Amino acid sequence: MPKGSPELTEARREEIVRACEKLYQTMSFKEITIKEIGNVTSFTRTSIYNYFQTKEEIFLALLKQEYELWIASLRRTMEQTDTMTRDEFAAMLAHSLEERAQLLKIMSMNHYDMETGSRPEHLAAFKVVYGESIRTVMSGLSKYFPDMTISEKQNFIYTFFPFMFGIYPYTFVTEKQRTAMEEANVNYVFMTIYELTFNCVKRLLNE
């Protein structure tokens, strides 16, 4: 266990996560190492192991942070809005994810690696926040669409949350991927995070 106050421990954990986030802007998950992360923190690479044993744990902490920001955004909007139409609810979810491209990027590319490469206590802490995100969306469905049955709300949740894993790959395409699809004569329609999410949510609510 690292020495120092809980506040110092948390501050150092946050510094490590911020360093990882900074590297992730220009490097891929595979390219980032504990050594690389250590190079952009104020303490040694060895010290990182006092807080995280693997880079997967660091990325999982970053993903947890992204979920927390998403939840906070949804709750602020719902606290300020008494009623929503189906289109307005779809727009709210679409805008909230449009602002969290990093959330979508991490969950779509590295989710399995992060979970399998993290200790149980780190995974459990993440799952608590993930569960809160589900309950937050569920509370929105209950608030704005009181006529929805429990089964209908569950169907929405278990369609929408898996759908989120595929948003980033469909909306952020490299030039190499674009060229390959053109050469393969794939008639692919490029859509934004907002467009893809809005269309999905609206369809789910209208079923």
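Quick one: if you take sqrt(5λ) for each eigenvalue of the C-alpha gyration tensor of the chain, what semi-axes come out, biggest first, whole angstrom?
After scaling each eigenvalue by five and taking roots: 33, 24, 13 Å.
Which whole-number percent of Cα pairs in the range 15-128 have a distance greater than 17 Å?
For the range 15-128, the share of Cα pairs beyond 17 Å comes to 59 percent.
Using alpha-carbon pairs under 8 Å, 6+ residues apart, how would you state the relative contact order of the chain in percent?
Details: 170 pairs, mean separation 50.6, N = 207.
Relative contact order comes out at 24 percent.
Where nothing but the Cβ of Lys and Arg (+1) and of Asp and Glu (-1) is charged, how large is the charge dipole of the chain around its Cα centre, in debye to the nearest 20?
460 debye
Can you find, among Thr83, Ser133, Phe43, the residue sitting farthest towards the positive end of the charge dipole of the chain, where Lys and Arg contribute +1 and Asp and Glu -1 at Cβ?
Selected residue: Phe43.
I'd like the trypsin sites (Lys or Arg not before Pro) in the range 10-51 restricted to DSSP loop residues with at most 13 other Cβ atoms within 10 Å, sorted by number.
Working: sites: Arg12, Arg13, Arg18, Lys22, Lys30, Lys35, Arg45; in loops: Lys30.
Those that pass, being in a loop and sparsely packed, are Lys30.
Run lengths n ≥ 4 of DSSP H only: what is the helix-derived mean residue ellipticity at 222 nm for the chain, with -39500 (n - 2.57) per run over all residues, to the nearest 500?
Helices in the chain give a 222 nm mean residue ellipticity of -23500 deg cm²/dmol.
What is the range 104-179 by shape, rounded, prolate or oblate, if you read a ≥ b ≥ c off the alpha carbon gyration tensor as root eigenvalues and call it rounded for a/c under 1.5, prolate for a/b larger than b/c, and oblate otherwise? Write down the numbers at each step before the final one.
Values: a/c = 3.25, a/b = 1.32, b/c = 2.46.
Oblate.
Taking neighbour counts of Cβ atoms within 10 Å as a proxy for exposure, in what order, fewest first, do Glu21, Glu56, Glu36 appear?
Glu36, Glu21, Glu56
Which helices of the chain meet both criteria: a Cα extent of 15 Å or more along the helical axis and a mean Kyte-Doolittle score no lower than 0.0, with helices taken as whole DSSP H segments? List each step's numbers first, then the result.
Details: long enough: 6-24 (27 Å, -0.85); 55-80 (38 Å, -0.33); 86-98 (18 Å, -0.10); 101-116 (23 Å, -0.27); 120-144 (36 Å, 0.10); 150-164 (21 Å, 0.22); 193-206 (20 Å, 0.32).
Long hydrophobic helices here: 120-144, 150-164, 193-206.
Once you have the alpha carbon radius of gyration of the range 1-52, what is it after dividing by 2.2 N^0.38 Å, with N set to its residue count?
Numbers: Rg = 11.1 Å, N = 52, 2.2 N^0.38 = 9.9 Å.
So the Cα radius of gyration is 1.12 times the expected 2.2 N^0.38 Å.
Students often check this: by mean Cβ neighbours within 10 Å, which of 162-170, 144-152, 119-127 ranks highest, and how do the rest follow? Display every interim value, and only then the final one.
Details: 162-170: 15.7, 144-152: 11.3, 119-127: 14.0.
For the peptides 162-170, 144-152, 119-127, the packing ranking is 162-170, 119-127, 144-152.
Give the lysines reachable from Lys35 as a straight Cα distance under 19 Å; neighbours fewer than 8 places away on the same chain don't count.
Qualifying lysines at Cα under 19 Å: Lys22, Lys55.
At a Cα cut-off below 17 Å, give the aspartates and glutamates reachable from Lys202, other chains included and same-chain residues fewer than 8 away excluded.
Asp87, Glu88, Glu98, Asp147, Glu152
A short reminder: the numbers here are calculations on the coordinates, not readings from a lab. Fair warning: this is a prediction, and the values are worked out from it, not measured in the lab. Reconstructed Cβ throughout: ideal geometry from the backbone, glycine too, with neighbour counts over all protein chains shown.
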